[in-house]
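Since every read-out is calculated from the coordinates, none of them should be taken as a lab result. Small disclaimer: the values here were computed from a predicted structure and weren't measured. Please note: Cβ atoms are built from the backbone with ideal geometry, for glycine as well, and neighbour counts cover all protein chains shown.
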Amino acid sequence: MKTVDEIIRSRRRSIGIQVKDDGRVIVRAPLRMPDQAIQDTINKYRNWIIAKRKQVEERRKAVPAETFNEGDLFYFLGNKYPLVFLHDLPADIVFDNAFYTASAPPVFVRKRLEAWYRKTARNVINAKVNALAAAFELKHHAVKINSANQRWGSCTCKGTLNFPWRLIMCPEPILDYIIAHEMAHLKQMNHSKRFWDTVGIMSPDYIKCNKWLTDNSHLFSHF
Ligand SMILES: [Zn+2]
């Protein structure tokens with residue numbers, strides 16, 4: 001089994017090793033760092049990487065996969081709600097402290113749920129983006145909702161804010177932090193100290209939120 005899946009060089013000053021929720025190991029290195037120096041660092045941390053990957057895999061196995069049958073639990077804004085089958089509903093999914101839908105094979109139920117998450121994410125996230133834009137005089141180009149699974153948001157240099165529909169599974173303070181983080185990139189397209197100072201003004205608890213994401217984002221990665 002190889003130790004590292006990908007080495008990404010960029011304009012950064014130090015080397016960093018990250019074990020993603022899906023178990024992939026990413027090494028980020030400065031542009032001009034010699035290959036040998038990167039390899040030496042990987043060798044030095046080999047045991048740590050293997051232990052960390054094992055931990056990530058065990059954590060993932062501990063979360064049961066959804067079957068999209070009645071009684072399955074699904075997250076919305078940090079809380080879990082059961083799936084309940086009911087006929088003659090006015091919409092594909094009706095949410096009222098439970099996800100109500102007509103009985104159907106799992107593949108259809110999954111599609112309906114994803115459509116509901118997408119639509120709800122679009123409404124909730126748009127409202128929050130507009131409120132932050134007004135409060136902090138930020139100009140964005142567009143908001144897009146995507147299916148990303150390992151990434152909680154991004155901001156393009158044109159000012160397009162991308163968020164995965166899964167984001168509205170997270171507790172609201174986390175959702176607010178992710179939106180603030182991406183909108184802070186409208187001012188600073190990097191992760192410099194000035195960037196984090198801007199995030200800190202918009203989302204004072206950002207350090208706690210980052211820690212929460214490291215510990216919990218595996219809860220939302222399958223579906
Ligand atoms: Zn960022």
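Volume per residue, Å³, of the convex hull around the alpha-carbon atoms of region 1-52?
Measuring per residue, one finds 76 Å³ for the Cα hull of region 1-52.
Run lengths n ≥ 4 of DSSP H only: what is the helix-derived mean residue ellipticity at 222 nm for the chain, with -39500 (n - 2.57) per run over all residues, to the nearest 500?
Roughly -13500 deg cm²/dmol at 222 nm, from the helical runs in the chain.
Below 13 angstrom from the Cβ of N130, what's the summed charge of the other residues (Lys, Arg +1; Asp, Glu -1)?
Cβ neighbours under 13 Å give a net charge of +2.
Under 4 °C and 1.567 mPa s, how fast does the chain diffuse according to Stokes-Einstein, given a Kirkwood radius computed over C-alpha pairs? Answer in µm²/s, whole number.
In µm²/s, the coefficient is 66.
If Lys and Arg each add +1 and Asp and Glu each add -1, what is the summed charge of the other residues whose beta carbon sits under 12 Å from the beta carbon of T120?
Net charge in that neighbourhood comes out at +3.
Looking at the chain, send over the antiparallel percent of its DSSP beta bridges, to the nearest 5.
The antiparallel proportion sits near 50 percent.
With 21 Å as the limit, write out which pairs from K139/K187; K54/K208; K20/K54 have Cα-Cα distances beyond it, or answer none.
Table pairs above 21 Å Cα-Cα are K54/K208.
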